[in-house]
Amino acid sequence: MLKKKRSSALDYRRKNRRKVIKTIVQSAILLVVGVLLVNALFGIRRYDEPDKSRWSNKEGFIAISYFGVGRSSTPKLVAKRQLNQQLKALYDQGYVTISQQDVMDFYLHHKPLPEKALFLSFEDGRNDSSLFSQSLLEKYNYKATFFSYANKMGKSERKFVQPKEMLKMMRSGYWELGTNGNRLTYINIFDHNGSFIGMKDENELTNKEHIEYYNHYLMDFIRDENMIPAENRAEMETRIHSDYEVMKDVYTNKLGFVPQVYMIMHANALNNGMNPLVAHANSTNIEQMFSIHFNREGKALNTSSDDVYDLTRVQAAPYWYTNHLLMKIQKDTGEKMQFIRGDEQLANPWELVSGAAQFTDNRIILTSPPASPGMLYLKDSDSSENTVISYQLAGNVVGKQSVYVRYDKPTEAFLRVVLENNELHVEQRKSGRKEIERVFSSQLQPISWSEEDLAFDKASVYTKEQIVAEAGPKEEEYPINIQQTRQLRVELQGNLLTITVDGDRIADRKAIDGLVESGGIALEAEYSMQNKKDDIYDAVFEDFEIALMSKEEGKPDVVFSNKITGFQGIIHGFKKGLDASINWVMDTF
């Protein structure tokens, strides 16, 4: 009986301990949720102003902008995870964000900036940009400018942040406001057949892939089908002035003020080839209404000798990996950047010949230097044995991703398989030769892409003669911002080459004349001249595996693999599937 009482007492104490522990855990969870909820509703976290007394930089600053941020990457939106990695890389290298007032003080009062100064911005006024970047600004104590279009304010379009939310964003200290203008409207539009379309708002333009020529509303005279101005100078100036006045009225009524920084659409046109009368009409309004103008895009660096009304920024593309952004900054500033390597265990077997390389999960991301190839060489891979290489190529369609099946470093003789602009080529350089011989080519299956994926960036001033000359069918060029994954298997037995792409055998034991006798394995990335805006390229090699075959029949000996297998592979596949499902739900509903 005594034992039963003791046992009962012990059970009672255990139950009480469980209740206490359960209560503590539940209270902790409720506290965390409560903090997050209160922070979301009332914005507890505040931007911590830097100590400007130690700033001594009188040279300049870089400016980086993002079109939009999403949960995952799209041809137009950078993924939150990707943005986090890029901001972390900048933070780790000492970059400090600066405000609009800092920029004005730098140019107007010659006040110094931090040693590594960054003007960060998000364009287009999108809800997802605010939602997904807020926590990252808090994480790195970064300040950013949020740009919007006036005609999206007060509308029911749910993808754009509205005035009430903008003012709330400002109160946190992490955000300032700017404007991209009144509206995104195109004029003087011709399609690829030379047919005149006239003027359309952004949301009215369908079949963008068929648009060959156009300009932005503020960038030219409105013209007729013969490209003759349909308005005189006074009418043009009145139209342009009215657009700025509408913008001024909207911001004043909705926010109580007009943002002091402007990014004109489109960039690189004002005072650069456009009609000087139109340029003057814009400049007059801009200098009356704004204190800062980012007129150009494509270079990151602004120096003390630049004009506060003619500043430049780089709009980081969604297809840029972190080293791509760092390579671009290094190119524009001339300052040495510390590139990220990722998984050191996967990186150690490789020698970086040129460029930058990141090893993460099952991917090798090789970033080229500007206008030249980037290369990785697998150490101790010199062998004359027969080789099987399997991998996926997941970089941009427009660009070159190469695998050197044999590469003799001393003589630079090689045999390589190249995927370029959706074409597969086999190329070789024989020992003692300088020229590169193309021994085989194959056009791969066409790639499907959505009109929404199109990088719509061909605005220009043009003539009727240009329209006539360019009208008519052309060879298909893929948009520079789309990606496609191709599964390849390359097998070299003696001098016989077999290549399989996405399960289709496109080369079957093709004899290679004059094949280099021995050599190692190398990877290469190189930009395509089709991409006139960007001469840096990210080649992406997934599930890369190399196996050597002996002359006798038998199972190939795997000498390198970055495939994710076993339980980790199951988890990795599950996460990818879950992400895809969540993205589908968000896109659909």
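Numbers at a glance
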{"read-out": "Among (1) closer than 28 Å to Ile564 by Cβ; (2) crowded, with 22+ Cβ neighbours inside 10 Å; (3) of a type outside the set (Phe, Trp, Tyr) - the single one Thr500 does not satisfy", "value": "(2)"}
{"read-out": "Identity of the residue in the range 118-145, of a type in the set (Phe, Trp, Tyr) and within 18 Å of the chain's Cα centre (by Cα), that ends up surrounded by the fewest Cβ atoms within 10 Å (Cβ to Cβ)", "value": "Phe132"}
{"read-out": "Counted residues, the range 197-212 - those being under 25 Å from the mean Cα position of the chain (by Cα) and either farther than 20 Å from Ser450 by Cα or modelled with pLDDT under 85 (or both)", "value": "8"}
{"read-out": "Residue in the range 517-524 that is assigned to a strand (DSSP E or B), under 26 Å from Ile447 (Cα atoms), touching a Pro at 6+ places or on another chain (Cβ under 7 Å) and at pLDDT 95 or above present", "value": "yes"}
{"read-out": "Subset of the range 303-360 that is within 29 Å of Val261 (Cβ to Cβ) and of a type in the set (Val, Ile, Thr) - its residue that is surrounded by the fewest Cβ atoms within 10 Å (Cβ to Cβ)", "value": "Thr303"}
{"read-out": "Members of the range 400-452 that are within 22 Å of Arg509 (Cα to Cα) and free of Cβ contacts under 8 Å to residues at least 12 places away in the same chain", "value": "Ile436, Glu437"}
{"read-out": "Test: Asn282 is in contact with a helix residue (DSSP H, G or I) (Cβ under 7 Å, 6 or more places away or on another chain) and farther than 30 Å from Lys164 by Cβ", "value": "yes"}
{"read-out": "Failed item, numbered, when Ile292 is tested on (1) modelled with pLDDT under 95; (2) under 30 Å from Ile240 (Cα atoms)", "value": "(1)"}
{"read-out": "Members of the range 48-107 that are touching a residue at least 60 places away in the same chain (Cβ under 8 Å), under 18 Å from Glu123 (Cα atoms), part of a loop (DSSP other than H, G, I, E, B) and not basic (Lys, Arg)", "value": "Phe67, Gly68, Ser72, Ser73, Thr74, Pro75, Leu77, Ser99"}
{"read-out": "Residue within the range 148-157 that is at pLDDT 95 or above, part of a helix (DSSP H, G or I), in contact with a Phe, Trp or Tyr (Cβ under 9 Å, 6 or more places away or on another chain) and farther than 27 Å from Thr333 by Cα present", "value": "yes"}
{"read-out": "Residue among Ala371, Ala347 that is among the small types (Gly, Ala, Ser), over 21 Å from the mean Cα position of the chain (by Cα) and within 25 Å of Lys409 (Cβ to Cβ)", "value": "Ala347"}
{"read-out": "Matching residues in the range 394-417 - criterion: being surrounded by fewer than 22 Cβ atoms within 10 Å (Cβ to Cβ) and closer than 17 Å to Asp543 by Cα", "value": "Ala394"}
{"read-out": "Long-range neighbours under 8 Å by Cβ, at least six apart or interchain, first residue among the small types (Gly, Ala, Ser) within the range 212-237, second at pLDDT 95 or above and part of a strand (DSSP E or B)", "value": "Ala230/Arg223"}
{"read-out": "Test: residue in the range 173-181 that is within 20 Å of Ile286 (Cα to Cα) and charged (D, E, K, R)", "value": "yes"}
{"read-out": "Residue satisfying condition, being at pLDDT below 70, surrounded by fewer than 19 Cβ atoms within 10 Å (Cβ to Cβ), among the small types (Gly, Ala, Ser) and under 24 Å from the mean Cα position of the chain (by Cα), within set Gly554, Gly577", "value": "Gly577"}
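Here's the yes/no breakdown for (1) within 25 Å of Met549 (Cα to Cα); (2) assigned to a strand (DSSP E or B):
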| position | (1), (2) |
| --- | --- |
| Val308 | no, no |
| Lys328 | no, no |
| Phe339 | no, no |
| Leu352 | no, yes |
| Leu366 | no, yes |
| Pro370 | no, no |
| Asp380 | yes, no |
| Tyr391 | yes, yes |
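Residue by residue, here is whether (1) surrounded by 14 or more Cβ atoms within 10 Å (Cβ to Cβ); (2) more than 30 Å from Val78 (Cα to Cα) holds:
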| residue | (1), (2) |
| --- | --- |
| Arg239 | yes, yes |
| Thr252 | no, yes |
| Gln288 | no, yes |
| Lys299 | yes, no |
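The values are calculated or read from the model by the stated rules, or taken from the named source; none is laboratory data. What you are looking at is a predicted structure, and each value in this text was computed from that prediction instead of being measured. All Cβ positions, even for glycine, are placed from backbone atoms using ideal geometry, and neighbour counts span all protein chains on display.
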